């Protein structure tokens with residue numbers, strides 16, 4: 001009898017299971033949960049950027065008839081930036097233009113005298129045996145006068161205008177020196 005009872009229980013379970021599956025209803029389990037999330041934080045942003053840059057101004061000297069040269073410079077530190085520029089007269093260019101103009105006007109001795117203000121030209125003329133004019137005198141007479149007055153020769157220390165090295169520097173040159181420091 002136990003065997004029959006077991007068989008009957010097994011058959012009943014099999015039938016109950018097949019009936020539940022035949023109906024196709026899912027098994028639903030419900031649960032409810034509640035949670036609270038609290039987040040706190042601090043954010044700090046530091047922006048590190050380089051300082052503004054001092055930019056040397058561009059100096060445009062387009063006219064080829066001008067005897068000027070543009071000079072500019074800039075210095076930038078972490079605290080301060082400075083820039084500047086200017087034009088500088090090219091005295092040798094002016095001398096060449098003046099000598100050419102005098103020569104074109106037929107004043108050849110005056111043109112040579114103008115060129116002889118340059119120490120290099122003065123020495124070249126002496127070495128060539130054609131001394132520079134001296135107060136209207138040319139040739140051997142001029143040579144004697146130059147020998148009597150050597151302090152008047154171009155390039156002589158006594159004849160210089162007394163400008164020191166720093167006084168002769170342009171603004172751009174001074175800024176360049178600051179960059180080296």
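Each label point was placed 7 Å from the Cα along the Cα-to-Cβ direction; for residue 100 and residue 78 their separation is 5.3 nm.
Among 69, 47, sorting on how many other beta-carbon atoms sit within 10 Å of each Cβ, with the fewest leading, yields 47, 69. In this label model, residue 137 and residue 42 are separated by 9.3 nm, measuring between points 7 Å along each Cα→Cβ vector.
Given R₀ = 41 Å, FRET efficiency for residue 55-residue 144 by Cβ-Cβ distance, to 0.05? The computed FRET efficiency comes out at 0.10. Taking other C-beta atoms within 10 angstrom as a stand-in for reagent exposure, 118, 104, 65 fall in the order 65, 104, 118, fewest first.
Length gained on full extension, residue 68 to residue 87: 6.2 nm, using 0.36 nm per residue less the C-alpha separation. Residue exposure proxy: 67, 116, ordered by other Cβ atoms within 10 angstrom of their Cβ from fewest to most, comes out as 67, 116.
Quick note: the coordinates plus some simple rules give every number you see, no bench work behind them. Just so we're clear, the structure is a prediction, and the values are computed from it rather than from any experiment. So basically every Cβ, Gly included, is an ideal-geometry build from the backbone, and we count neighbours across all protein chains shown.
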